[in-house]
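Single-structure report; data block below.
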Amino acid sequence: MAADSEWRGSRTCGGGGDGDVVEDETTTEDEFGSQEAAMNSDDVLMKEARPIQVVLAHEDNHHFDLDEESLERILLQEHIRDLNVVVVSVAGAFRKGKSFLLDFMLRYMYNQNPGTWLGGDDEPLTGFTWRGGCERETTGIQVWSEVFVINKSDGSQVAVLLMDTQGAFDSQSTIRDCATVFALSTMTSSVQVYNLSQNIQEDDLQHLQLFTEYGRLAMEEVYQKPFQTLMFLIRDWSYPYEHPYGLEGGKSFLEKRLEIKQNQHEELQNVRKHIHSCFAKITCFLMPHPGLKVATNPSFDGRLKDIDGDFKKELRNVVPFLLSPENLVEKEIGGSKVTCRDLVEYFKAYIKIYQGEELPHPKSMLQATAEANNLAAVAGAKDVYAKGMEMFCGGDKPYIAPTDLEQQHLTLKEASIKQFRSIKKMGGEEFSRRYQEQLEQEMDENYANFVKHNDSKNIFYAARTPATLFAVMFTMYIISGVTGFIGLNSIASLCNLVMGIALISLCTWAYTKYSGEFREFGAIIDQVAETIWEQVLKPLSDNLMEDNIRQTVANSIKAGLTEQGSQHTKLKTN
């Protein structure tokens with residue numbers, strides 16, 4: 001697929017960069033002129049390319065979409081689509097200089113000459129958009145539109161893609177938004193640079209654990225080391241006297257931070273074990289502060305003259321460490337190398353997972369703790385209800401009148417709700433209300449089960465099915481005899497058929513109750529018998545009883561009036 005006319009599709013670079021620190025360089029005037037000309041031509045190429053947002057973040061509904069067309073336009077160009085891909089991503093909290101760092105990576109990719117790639121002192125920094133201030137700049141996931149084709153020392157070629165991510169923990173992103181962006185970038189990158197400020201704090205490790213687990217859940221198959229390389233990049237490092245700037249200081253610092261000790265709390269041990277289990281390689285690089293002009297000057301545009309020397313020195317180390325041909329890490333999934341063409345398909349598959357509802361929603365520490373706290377209160381209150389009902393109408397208790405059972409249910413329900421309310425819970429009254437509703441619903445469900453269990457102890461309730469079937473058989477027998485006697489043989493035959501079905505049902509029901517087999521048939525027979533009882537026999541018996549009572553009352557009144565009349569007659573006679 002051809003690149004868009006606005007973009008510079010890809011660039012082939014040699015393998016000359018060795019990543020050594022260069023502090024003092026002397027060049028002839030001719031050499032300097034040729035280097036300057038090369039840099040100017042690289043500037044032209046760089047201006048033709050631009051950052052392209054491939055994962056779109058919608059602030060209104062916190063939903064993410066993949067711009068498939070843009071991603072395919074970048075990665076499916078004919079000369080790169082079958083090359084193994086190297087994806088370097090930078091992620092971390094917002095406003096910590098991720099895009100600023102990526103722009104120096106772009107300078108290196110456009111000019112890998114160890115002496116000149118950092119640029120001139122008076123040259124503004126361009127590439128991924130960045131600015132000073134406290135508001136976020138990047139949203140979703142962006143990639144550089146130009147894919148760099150690098151010749152490795154073994155003669156093979158790889159495609160290098162640079163990725164910028166939305167900063168985490170800004171005022172407009174939920175925990176799920178942060179986890180989705182971090183997980184997506186980790187799953188699709190071969191090197192994830194975790195950009196942190198000043199130190200590695202425990203909450204940084206806990207967030208890393210949450211985000212990587214969210215990514216691991218989305219992967220169809222979980223391998224022992226699902227992700228490749230993680231670099232902790234500590235910005236504004238203020239303790240070079242304890243651990244010096246650079247890779248060696250970062251190594252000793254990281255070993256100390258990720259060390260698992262015997263006397264360490266289990267929670268802290270689990271965080272460190274999880275991080276080690278997720279990444280095949282973990283490194284750390286300590287970067288100095290870039291200087292006060294960078295931090296406080298609102299018009300700072302990235303010129304090297306405004307950046308401290310220590311920062312520029314470490315830039316000459318960290319960027320080649322990540323991007324020099326001998327250090328490039330090719331993307332692998334499941335032990336197989338991933339091409340540019342494959343990466344497009346993986347992006348499509350992963351974004352669909354995060355667009356759906358299959359994965360659990362990550363929550364803030366407060367929300368997760370409040371939920372656990374309220375669920376524990378629900379479990380305790382429900383246990384009080386269950387134990388009380390079990391003591392009142394449990395398995396060894398006799399049949400209890402339904403009204404008494406209902407009264408006990410209401411009493412215990414009120415006591416359980418009172419206990420739930422009395423427990424101190426996080427999250428506030430509004431948050432706890434839905435858990436109280438959940439408790440009430442679960443107690444009502446338990447009550448329905450206790451009612452069924454209590455009814456099963458009622459010998460008359462248990463005998464309802466055979467009594468109903470016997471009544472049907474007896475009724476059909478009488479009707480069959482009468483209709484057969486008067487010559488209505490078709491009705492008599494129908495009644496005999498119904499009587500036979502009732503007899504077979506009665507025998508089947510008895511067998512299921514005796515043997516415990518074919519319980520589903522027994523349940524169906526019970527349901528049919530209950531329907532006949534409720535819809536036919538019970539109304540008939542109620543009507544007959546009502547008529548009998550009415551007749552009895554009428555006869556009593558009549559007898560009373562007759563007796564009163566006879567007494568009146570006797571008095572007149574006397």
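Side notes on the structure shown:
- Scanning the stretch 221-236 for residues that are open to solvent by 10 Å² or more (accessible area, probe 1.4 Å) and either of a type in the set (S, T, N, Q) or in contact (Cβ under 8 Å) with a residue 24 or more places away in the chain (or both) yields GLU221, TYR223, GLN224, LYS225, PRO226, GLN228, THR229, ARG235, ASP236.
- For the stretch 258-292, filtered to residues that are among the basic types (Lys, Arg) and in contact (Cβ under 8 Å) with a residue 12 or more places away in the chain, the residue that is nearest to LEU322 (Cα to Cα) is LYS281.
- Cβ separations smaller than 9 Å between residues 6+ apart or across chains give no pair from the stretch 242-253 residues that are modelled with pLDDT under 90 to residues that are open to solvent by less than 10 Å² (accessible area, probe 1.4 Å) and part of a helix (DSSP H, G or I).
- Failed criterion for LEU503 (all others in (1) at pLDDT 85 or above; (2) under 25 Å from THR403 (Cα atoms); (3) not aromatic (Phe, Trp, Tyr) hold): (2)
- Residue match in the stretch 283-293 (condition: under 23 Å from LYS98 (Cα atoms), in contact with an Asp or Glu (Cβ under 6 Å, 6 or more places away or on another chain) and at pLDDT below 85): yes
- Considering the stretch 372-430, the residues that are in a loop (DSSP other than H, G, I, E, B) and small (Gly, Ala, Ser) include one that is modelled with the lowest pLDDT, namely GLY427.
- Some residue of the stretch 422-432 being surrounded by 14 or more Cβ atoms within 10 Å (Cβ to Cβ) and closer than 28 Å to ILE525 by Cα: no
- Every pair of residues 6+ apart whose Cβ atoms lie under 6 Å, when the first sits in the stretch 175-199 and is touching a residue at least 24 places away in the same chain (Cβ under 8 Å) and open to solvent by less than 10 Å² (accessible area, probe 1.4 Å) while the second is assigned to a helix (DSSP H, G or I) and of a type in the set (Val, Ile, Thr): GLN192/THR186
- Residues of the stretch 272-289 that turn out to be open to solvent by less than 30 Å² (accessible area, probe 1.4 Å) and either in contact with a strand residue (DSSP E or B) (Cβ under 7 Å, 6 or more places away or on another chain) or closer than 15 Å to LEU196 by Cβ (or both), as a count: 9
- From ALA448, ALA492, ALA510, ALA471, residue being surrounded by 14 or more Cβ atoms within 10 Å (Cβ to Cβ) and without any contact (Cβ under 8 Å) to a residue 40 or more places away in the chain: ALA492
The values are calculated or read from the model by the stated rules, or taken from the named source; none is laboratory data. Predicted, not measured: the structure shown is a model, and the values here were computed from it. We place every Cβ from the backbone using ideal geometry, glycine too, and count neighbours over all the protein chains shown. Just the protein is used for accessible areas: all its heavy atoms, side chains included, with ligands, DNA and RNA removed. Shrake-Rupley method; radii C 1.70, N 1.55, O 1.52, S 1.80 Å.
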